[in-house]
1. What length, rounded to one decimal in nm, is gained on full extension from Val44 through to Ile73, with 0.36 nm per residue of separation minus their alpha-carbon distance?
2. Obtain the nm distance between the two label points defined at Thr57 and Leu23 by a simple spin-label model: each point lies 7 Å from its Cα along the Cα-to-C-beta direction.
3. For a protection proxy built on the mean count of beta-carbon atoms within 10 angstrom, sort 64-77, 12-25 highest first, please.
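Rule-based calculations on the coordinates, nothing more; no lab input. Just so you know, these numbers come straight off a predicted model, no measurement behind them. Cβ sites come from the backbone with ideal geometry, for glycine too, and all protein chains shown count toward neighbours.
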Amino acid sequence: MFFADDLPLDEREYVVVSAEIDLYRKAQTAVNELTSYTTDAMAVSHGDKPFANLQQTIMDAERRREQIWYKMIRYHLL
């Protein structure tokens with residue numbers, strides 16, 4: 001999927017941060033089901049530990065997206 005329109009830099013950043021948030025949310029739903037798993041060669045427990053701070057990362061990205069929105073003055077003057 002691609003987007004062919006030429007956006008201003010701040011709008012482009014807003015889109016990228018929004019996509020980042022969606023990606024982290026999808027990973028979070030997948031990680032919630034992942035606590036331990038077993039393969040033929042090994043057993044892994046606490047498989048969700050690399051994603052322990054995922055909620056904080058999502059909140060930081062949402063704050064960043066909000067900052068970008070408030071800097072886009074052209075939408076607030078309507």
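1. Numbers: separation 29, 0.36 × 29 = 10.44 nm, distance 4.96 nm.
Extending this stretch completely gives an extra 5.5 nm.
2. Here the modelled spin labels are 0.9 nm apart.
3. Highest to lowest by the protection proxy: 12-25, 64-77.
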